[in-house]
Amino acid sequence: MTVRNLEFLFRPRSIAVIGASDRPRSVGATVMRNVLDAGFEGPVWPVNPKYTAVAECAAYGRVADLPSAPDLAVICTPPATVPGLIAELGARGTRAAVVLTAGLGRERIADGRTLSAAMLDAARPYLLRVLGPNCVGLLVPGIKLNASFAHAQAQPGRIAFVAQSGALTTSMLDWARSSGVGFSHFISLGDSADVDFGDVLDYLGSDPDTRAILLYIESIKSARKFMSAARAAARNKPVIAVKAGRVSEGAKAAASHTGALAGADDVYEAALARAGILRVATTLELFDAAQTLARAKPLNGDRLAILTNGGGPGVMATDALIAGGGRLARISDGSMQELDRVLPAAWSHGNPVDIIGDAPVERYIGALKVLLDDPGSDALLFIHSPTAIVASEEIARACVPLIAHSRRNVFACWLGGDGMKPASAIFAASGVPIYATPEDAIRGFLQLANYRHRQELLMQTPPSVAEEFAPDTASARRVIDGVLAERRDLLTEPEAKEVLAAYGIPVVRTRIALDAEEAVVIAEQLGFPLALKILSPDISHKSDVGGVMLNLESSREVRVAAEAMLKRCAELRPGARMTGFTVQQMVRRGNAHEVIVGVATDPVFGPVILFGQGGTAVEVIGDKAVALPPLNMALARDLVGSTRIARLLAGYRDRPAAALDAIYLALVKISQLIADIPQIVELDINPLLANEKGVLALDARIRVLPATAPGTSRFAIRPYPAELEERIEFGGRRVLVRPIRPEDEPQHREFLDRVAPEDIQLRFFNVKRVFVHSELARFAQIDYDREMAFIATSDGAAGRRETLGVVRAISDPDGTLAEFAILVRSDLKGMGLGTLLLRKIVAYGRGRGIGRLTGEVLECNARMLALARDLGFAVRRGDSPATCRVTLDLAGRAT
């Protein structure tokens, strides 16, 4: 359940306060006073058998006594009463309730259920939505609604604030009132037994009164629902979050380096980034970031120019910029010459541009003109320290016209106290974000740059996989099934390498010896130098017990090393089972870097993929980043680029760059492996050697558990559904009908270019000929959990794939209704492709359990209307003039 009936929660026409009271300082009295003081314009009905009137409003003894079913009920009665009240309200016709009561998750009823579970069971038959329990409530100032026990009213505005913490909710409300910040919605989720972040994001993401959404997150329950809702909302408006609990104890008993390294906060950071959500460190930064993003112009890059009349503030800003990972713009040669012309000889001759403390207005204007047109920068930070030479207000008035007409983002810091307020006000009135210190201004710029990067990830068009690979999934499954049949959960190193090799990841050849003598025989067959490792199902990190010996040059060294290993292991791990040794040739690769690639399973977001600097000191170095699967080449590149070792992999001095595409491809293959084989819960390749020739896995470990569901069902983001691909014969050619992929954007552009203007008008209801990247990316990069687009594609000229037609359906968040649209290349009309595609989307909708399929068609589109009627769609007048609405009930749908 998602947005179903949320309109009764956020836009009610009547309210019942269950447990309303006149008793001072009680929750019931506070809620009643808040509802009335806010000026709610609908009827307000107190319910309490102890009163005939509450706050001068006639009171009712029971829900059944109310004049009619309230849209919203606010419950502030003892825990044991809540399930029964929810049942009464649902039967009466109420569809939303705010449960302020705490303790429902701890107390149980006679059948063993918690009161919280009983409450949800009571609500379910009526689709009654519950906010809470254990929450402060909600405020919607635009409709004068305060259904909470907060101590203050909220001012109206266009920012939505959603939090799990009740104490934080009331504190932020107090701060916002003193700071003049208003809200479209102010929501306390409490325990989120029903309405959670995903539901609220779905509602607010399409709410026209909400400009930005601010989240205070302590935990996420339904990861896939959250990710789908967050990605949809973040495409429409800024979503900014604080995640509490940044420090984690981590996985103490992890069998792999990855399990120990992939801390919960790293996973949340990866999830928020993948969802397009900007993460900030503090609650106050939420509002700063919201104001910055609301005023910002499109940012084309992350190069910052700094204009200042004082060297010290410019240096402070530079330090903060570099420390935060930003880039100082390199001012172009032409701009430097222009600055030399308009500035005195003593100016800084670099970035920051220090125009000296005695600068008159003309000097500001001259420098500002040059920097706003400089091709080497993307944004400008304006810093002014007060002087007696010229009034700050005069400078502000002179600069505002230039800033207002520039396409560049300008951030301003007017250093000083009350004397700077007039100048700050002039800049603020023109839309320039103002900051108290240079460091604050830099933080605002970095927030904008970070937000831009996350939006690019949402809209990215990844390149095709660098090489086609066909994994031998059956071989990998045989290995893992054998391990599980032996009731083991840890693969041996050779077994792990066999699985990796089945997925096309190069591995070093490894042989197993049962004892020291067999190790010697194998060594003589392979040739020297060699590496010898202990083989034990009970020892994961072999180097911790001296179980790895490298560069062995003779049979004698192999025998001595094997005997020494056994002795050390007996002393350090006396209970460990010893099954032998692994023997492999030493790999000598010049210019090779040691990296780690791994998989861990997060309890909330499921499998996560890790990349970083590898080796035996991997935990100490701590250079790593994590990402949510599924990965493509673009997302893999972003994952690698988030680490420090990425700069070394790019090459330096006389050391060539590593084969980065080979690293990205290895990550994509690992992503596919864990999608195909759900038994894998942990995986380490450490080290994976990477140089200019490619990659090679030297050591690997994999932990498995019996699977209870398909591999992709564990993912927080539904991956590409390859099972929906279908090959058909059409018009004398073999056609593949498949879900669209992000990398199809260029092919989709060519497809739209081959559609006649009149057909474009029939599809988009206007003569649209130019589709920009953001639109095309949105067409190609879809959320497979909520929408589907099937393209018919075949080989065209010169063997290039071309798109022949597309049908798409976008479901509402509840999955009850999906809106479809279809477009066929103009030269292929009338050949049956439209019928084929429409049947495909109908079958898909039935399989997904969608209730109805509907579409808007122009009245003049006779061909489409005839097709719809042929397939059983009902046709009626549309929602807009000259349109028809076609609808198909998907009877017998899957549940």
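The values are calculated or read from the model by the stated rules, or taken from the named source; none is laboratory data. In this text the structure is predicted, and so the values were computed from the model without any measurement. Glycine also receives a Cβ, built like all others from the backbone with ideal geometry; neighbour counts cover every protein chain displayed. Heads up: the accessible areas ignore ligands, DNA and RNA and are worked out on the full protein's heavy atoms, side chains in. Shrake-Rupley method; radii C 1.70, N 1.55, O 1.52, S 1.80 Å.
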- Item | Cβ pairs under 9 Å, 6+ apart, first in segment 831-846 and more than 15 Å from residue 866 (Cβ to Cβ) and in contact (Cβ under 8 Å) with a residue 24 or more places away in the chain, second among the polar types (S, T, N, Q) and surrounded by 14 or more Cβ atoms within 10 Å (Cβ to Cβ) | 845/811
- Pairs, first closer than 18 Å to residue 409 by Cβ in segment 323-337, second open to solvent by 50 Å² or more (accessible area, probe 1.4 Å) and part of a loop (DSSP other than H, G, I, E, B), C-beta under 9 Å, six or more apart: 335/375
- Return the only residue of 270, 305, 320, 294 being surrounded by fewer than 21 Cβ atoms within 10 Å (Cβ to Cβ) and modelled with pLDDT of 90 or more. 320
- Query: What do you reckon, is residue 852 surrounded by fewer than 14 Cβ atoms within 10 Å (Cβ to Cβ), of a type outside the set (Val, Ile, Thr), within 37 Å of the chain's Cα centre (by Cα) and modelled with pLDDT of 90 or more?
  - Reply: no
- Query: Only one residue in 476, 496, 449, 516 is open to solvent by less than 30 Å² (accessible area, probe 1.4 Å) and farther than 29 Å from residue 659 by Cα. Which one?
  - Reply: 516
- Note on the structure: By residue number, the members of segment 504-544 that are assigned to a strand (DSSP E or B) and touching a Lys or Arg at 6+ places or on another chain (Cβ under 7 Å) are 507, 533, 534
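Here is a yes/no grid of residues against (1) among the aliphatic types (A, V, I, L, M); (2) over 16 Å from residue 333 (Cα atoms); (3) modelled with pLDDT of 95 or more:
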site: 349; (1), (2), (3): no, no, no
site: 359; (1), (2), (3): yes, yes, no
site: 373; (1), (2), (3): no, no, no
site: 381; (1), (2), (3): yes, yes, yes
site: 385; (1), (2), (3): no, yes, no
site: 392; (1), (2), (3): no, yes, no
site: 395; (1), (2), (3): yes, yes, no
site: 398; (1), (2), (3): yes, yes, no
site: 404; (1), (2), (3): yes, yes, no
- Give the number of residues within segment 215-245 that are among the polar types (S, T, N, Q), assigned to a loop (DSSP other than H, G, I, E, B) and touching a residue at least 40 places away in the same chain (Cβ under 8 Å). 1
- Message: Any residue at all in segment 626-643 that's surrounded by fewer than 17 Cβ atoms within 10 Å (Cβ to Cβ) and under 30 Å from residue 524 (Cα atoms)?
- Response: no
- Condition check for residue 89: surrounded by 23 or more Cβ atoms within 10 Å (Cβ to Cβ) and modelled with pLDDT under 95: no
- segment 685-744, subset polar (S, T, N, Q) and modelled with pLDDT of 90 or more, residue farthest from residue 222 (Cα to Cα): 691
- Restricting the first residue to segment 596-607 and requiring it to be under 16 Å from residue 269 (Cα atoms) and open to solvent by less than 10 Å² (accessible area, probe 1.4 Å), which pairs with a second residue that is of a type in the set (Gly, Ala, Ser) and assigned to a strand (DSSP E or B) meet a Cβ separation below 9 Å and a spacing of at least six or different chains? 607/600
- Query: When segment 670-713 is examined, which residues are found to be in a loop (DSSP other than H, G, I, E, B) and farther than 26 Å from residue 605 by Cβ?
  - Reply: 692, 693, 698, 699
- Does at least one position in segment 486-503 carry a residue that is modelled with pLDDT of 95 or more, within 31 Å of the chain's Cα centre (by Cα) and part of a loop (DSSP other than H, G, I, E, B)? yes
- Note on the structure: Exception for residue 276 within (1) part of a loop (DSSP other than H, G, I, E, B); (2) surrounded by fewer than 22 Cβ atoms within 10 Å (Cβ to Cβ); (3) under 21 Å from the mean Cα position of the chain (by Cα) falls at (2)
- Message: Return the residues of segment 70-107 that are out of contact with any Pro (no Cβ under 9 Å at 6 or more places or on another chain) and basic (Lys, Arg); say none if nothing qualifies.
- Response: 95
- Note on the structure: residue 526: passes all of (1) at pLDDT below 90; (2) open to solvent by less than 20 Å² (accessible area, probe 1.4 Å); (3) not aromatic (Phe, Trp, Tyr) but (2)
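Kindly indicate which of 556, 511 is basic (Lys, Arg), farther than 27 Å from residue 663 by Cα and surrounded by fewer than 18 Cβ atoms within 10 Å (Cβ to Cβ).
Going through 556, 511 in turn, just one is basic (Lys, Arg), farther than 27 Å from residue 663 by Cα and surrounded by fewer than 18 Cβ atoms within 10 Å (Cβ to Cβ): 556.
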- Task: Could you tell me which of the residues 392, 406 is in contact with a helix residue (DSSP H, G or I) (Cβ under 9 Å, 6 or more places away or on another chain) and either over 23 Å from residue 293 (Cα atoms) or crowded, with 19+ Cβ neighbours inside 10 Å (or both)?
- Result: 392
- Item | Test set (1) without any contact (Cβ under 8 Å) to a residue 60 or more places away in the chain; (2) farther than 30 Å from residue 676 by Cβ; (3) under 48 Å from the mean Cα position of the chain (by Cα) - residue 513 fails condition number | (1)
- Item | Qualifying positions in segment 329-346 - of a type outside the set (S, T, N, Q) and loosely packed, with under 15 Cβ neighbours inside 10 Å | 333, 334, 340, 341, 344, 345, 346
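Taking the residues in segment 32-50 that are touching a Gly at 6+ places or on another chain (Cβ under 9 Å) and free of Cβ contacts under 8 Å to residues at least 40 places away in the same chain as candidates, determine which candidate is most open to solvent (accessible area, probe 1.4 Å).
In this case the residue turns out to be 50.
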